[in-house]
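The structure appears below as structure tokens.
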Amino acid sequence: MNSKWIWYYGDFEMYHSQKLHLRRKERNVVFPAIWYVPGVYSGVRFRKKVKIDREEDICVTANGVGFVQIGAVKYEFGKKITLHKGEYFVTINVSNMTGLPCAYVEGDTVKSNEEWTADYYNGKWKKVGCSSSYTDKNVVPDTFIFKYKKILPLEKTVQKGGVLYDFGKETFARIVFKKLSKNITVFFGESEYEALDTKNNCQYEAFGVEDIDKNFEAKAFRYIYIPDIGENEVDFDAYYEYLPVEKKGAFESSDDMLNKIWNVSADTLELNSREFFLDGIKRDRWVWSGDSYQSYFVNRYLFFDEDIVRRTIIALGGKGEVEQHINTILDYSFYWIMSIYDYYEMTGDMEFVADIFPRMKAVMDFCLSRLDKNGFASKMDAGDWIFIDWADIDKTGAVCAEQMLFLRSLEVFIKCADMLGIENSDYLFKRDDLEKKINEYYWSDEKGAFIDSFESGKNNVTRHANIFALLFGYAEGEKREAIIKNVILNDDVAQITTPYFKFYELDAMCSIGQIEYAINEVEDYWGGMIKAGATSFWEWFDPNVPWQDTLAMYGDEYGKSLCHAWGAGPIYLIGRYLLGVRPTSAGYKTFEVKPELGRFDFVEAKVPIKDGIVSIKKNGRVLEVMTDRDGGVLIYNSNNIVLHKNKSVSIEA
């Protein structure tokens, strides 16, 4: 077993979160994150009790300054240390004021790995952090590991006295100039309009003739425009920068539009999967809890990468005293709490739940400290705000959609506490009281729906709270049918115009059996973006407005992101409902495959699960399913068929 770099648990994520949240630039001005981003402990100790059966030499490398201590003797980093037969406590003290304090131990039997503990001189020894990606002594975890692939523009045209390069689709790449006749400014654009508009473009970079062969930070673009230069005066290479995660999911069918939607969704999530799940690759390039929450679900059906989910959850959770909502958004604190149980359902990783639970409790207790006189989550400190969605929601006082998320997060918190054997009677009481009050204060018999706010007196009805009521099972029987009729299928209620909340709307519709309706909506809405020329999915889209007229957002002429992670939702909807794969116990110890493929003549798909793959094929009336692990059940045409590892099951519709 190779040695691994070790660090204080969580500090790798904090360190790279700080670096990432300081990278955003607009008009060459650095725009740091607008919330508190915690850093690392600058001084850390690592410790392990080792038993040596024979004399052994070890060497300790560290990222920082300090020493190795064995007994009363201190040793330098990088020098051979001879251990004689016996038992020792090996303690490594590392301090680093500008980077990630971490250590690497080489020996025949004494190696740095998960078996070590760490503290920050507080005497509370905890497990270390480490990763199988950092086993090379020369690759220090200060540097996040990406891969690079050379890409070429598909088209080059002379426009407005300069040269416009079109790479054919959205990308995230570094530019390396090989030839420059003079100093230039390069304008980057997700659209041609943005790249050519040198007055309003906020994503540009100046390059000098001395910058030949110099690597510049990667940027998001499809187009590059260089004004005031001829075709032969510049030569450059572009290198796509990406996280080396495997696309384990796949989808091909007789529905060409749905195939395109799946593939563009896959490209969208891949581009936004980096150190963590980002919101978008051009504007913010930050880690937002609500955006990431949806990426976790899409990831299940595309990469099934557990590491990036853990990294993102840890980074968002932060450390130290909780003094503001996550990302300063009330609903985003609730999504973060909810994400922990969802991760457990995906992986069965009880150890991670135990590790993160103290932080989970801290965030929940912070939310509970901000309740109003009715017990609703509405109090916020200066700078905190309510998002829910970019929509005309009545956000007066306590908002119904927030209380739905609050209730769900309480349920999830109680489940995690139960699994860990932690007493939670106070939270159970709050959960029961909140459910009762939501129905008492927000349900309107007159409207046949949940209203946004009772405090304004407007009795305004939007889709959002009612979607959550369906999705989380808070409306049963007559209430459920009333919501479907009076809200979901009612064109007089304003439509959702963000992929973000379309995800929840269609998830809710699928969960109540309206799968055909939901997939038709996917084809209309996401297909509308593809017909408008999208090569990755957008932050916001109104099919009734020409897309080029909606590029402005947040007071910026080109503020709208044309590659936004929450646009990748169709992969989840297709995998979860059309292909019908879902866990029925944590970590897919048991799972079901319940395809709804009547609309297709042909399907060939793969869905990743924990430690395996489900392969699904349909040709005409014949369905074939195979998995490479046990635990599955195929549910099809009223048949329940046990799936055995590597044994194909064929059934005729």
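Quick note: the coordinates plus some simple rules give every number you see, no bench work behind them. From a predicted model like this one, the values you see are computed outputs, not experimental measurements. When we count neighbours, we look across all protein chains shown, and the Cβ atoms used for this are built from the backbone with ideal geometry, even at glycine.
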**Message:** Given an 8 Å cut-off on Cα distances and at least 6 residues of separation, report the relative contact order of the chain as a percent.
**Reply:** 12 percent
**Message:** In the chain, if the dipole is taken from +1 on Lys/Arg beta carbons and -1 on Asp/Glu beta carbons about the Cα centre, which of Ser265, Ile393, Ser133 is farthest to the positive end?
**Reply:** Ser133
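Does segment 268-388 come out rounded, prolate or oblate by the C-alpha gyration tensor, with a ≥ b ≥ c the root eigenvalues, rounded set by a/c under 1.5 and, if not, prolate when a/b is larger than b/c and oblate if not?
On the way: a/c = 2.11, a/b = 1.40, b/c = 1.51.
It is oblate, given that a/c is not under 1.5 and a/b is not larger than b/c.
Rounded to a whole number of µm²/s, how large is the Stokes-Einstein D of segment 405-538 at 37 °C and 0.692 mPa s, given Rh as the Kirkwood radius over C-alpha pairs? Walk me through the intermediate numbers first.
Values: Rh = 16.7 Å.
The estimated diffusion coefficient comes to 197 µm²/s.
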**Complete:** One point scatterer per Cα, no solvent, Debye formula: log10 I(q)/I(0) for segment 147-242 at q = 0.12 Å⁻¹ comes out as -0.32
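Any idea what the relative contact order of segment 161-272 is, in percent, if you count C-alpha pairs under 8 Å spaced at least 6 apart? All intermediate terms of the calculation are to be shown ahead of the outcome.
Working: 189 pairs, mean separation 41.9, N = 112.
Once normalised by length, the contact order is 37 percent.
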**Message:** If packing is taken as the average number of other Cβ atoms within 10 Å across a peptide's residues, how do 470-478, 111-119 rank, most packed first?
**Reply:** 111-119, 470-478
**Asked** Which distance in Å, rounded to a whole number, links the C-alpha centroids of segment 601-626 and segment 507-581?
**Response** 25 Å
**Message:** How big is segment 322-406 along each principal axis, measuring the range of its Cα positions in Å and listing the largest first?
**Reply:** 40, 25, 23
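Could you grab the relative contact order for segment 6-129? Cα pairs under 8 Å, six or more apart, rounded to a whole percent.
Details: 268 pairs, mean separation 41.9, N = 124.
Over segment 6-129, the number comes to 34 percent.
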**Request:** Could you tell me the number of lysine pairs in segment 1-90 with C-alpha atoms less than 30 Å from each other, where the two lysines are 8 or more residues apart or belong to different chains?
**Result:** 21
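Based solely on its DSSP helices, what 222 nm [θ] is calculated for the chain when runs of n ≥ 4 H residues each add -39,500 (n - 2.57) and the sum is averaged over all residues, nearest 500 deg cm²/dmol? Before the final figure, lay out each step's value.
On the way: 14 runs with 183 residues, N = 653.
Per the formula, -9000 deg cm²/dmol.
Once you have a ≥ b ≥ c as the square roots of the Cα gyration tensor eigenvalues for segment 216-329, tell me rounded if a/c is under 1.5, and otherwise prolate or oblate according to whether a/b is larger than b/c. Walk me through the numbers on the way to the answer.
Details: a/c = 2.38, a/b = 1.26, b/c = 1.88.
It comes out oblate by the Cα gyration axes.
Charges only on Cβ, +1 for Lys and Arg, -1 for Asp and Glu: so what's the dipole of segment 6-129 about the Cα centre, in debye to the nearest 20? The partial results should precede the final answer.
Numbers: 19 positive and 14 negative charges, 89 e Å.
Approximately 420 debye in magnitude.
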**Prompt:** Using the Cα atoms as the points, what is the convex hull volume per residue of segment 406-476 in Å³?
**Reply:** 90 Å³
**Item:** Farthest toward positive dipole pole in the chain [+1 Lys/Arg, -1 Asp/Glu at C-beta], among Asn96, Ile519, Ser339
**Value:** Asn96
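Any idea what the dipole of the chain comes to, in debye rounded to 20, about its Cα centre with Lys/Arg Cβ at +1 and Asp/Glu Cβ at -1? Can you show the working numbers first?
Details: 80 positive and 100 negative charges, 401 e Å.
That gives the chain a dipole magnitude of about 1920 debye.
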**Fill in**
If each part is reduced to its alpha-carbon centroid, segment 196-229 and segment 460-485 end up apart, in Å, by 49 Å
**Asked** What lysines could a cross-link reach from Lys531, if we take a straight Cα to Cα line under 24 Å and drop same-chain neighbours fewer than 8 places away?
**Response** Lys156, Lys169, Lys260, Lys282, Lys502, Lys560
**Message:** Students often check this: by mean Cβ neighbours within 10 Å, which of 23-30, 304-311, 65-72 ranks highest, and how do the rest follow?
**Reply:** 304-311, 65-72, 23-30
**Request:** Answer rounded, prolate or oblate for segment 6-129, using the Cα gyration tensor with square roots of eigenvalues a ≥ b ≥ c: rounded when a/c is under 1.5, else prolate when a/b is larger than b/c, else oblate.
**Result:** prolate
**Message:** Can you tell me which aspartates and glutamates have their Cα less than 16 Å from the Cα of Lys179? Leave out same-chain residues fewer than eight positions away.
**Reply:** Glu210, Asp211, Asp213, Asp228, Glu231, Glu233, Asp235, Asp237
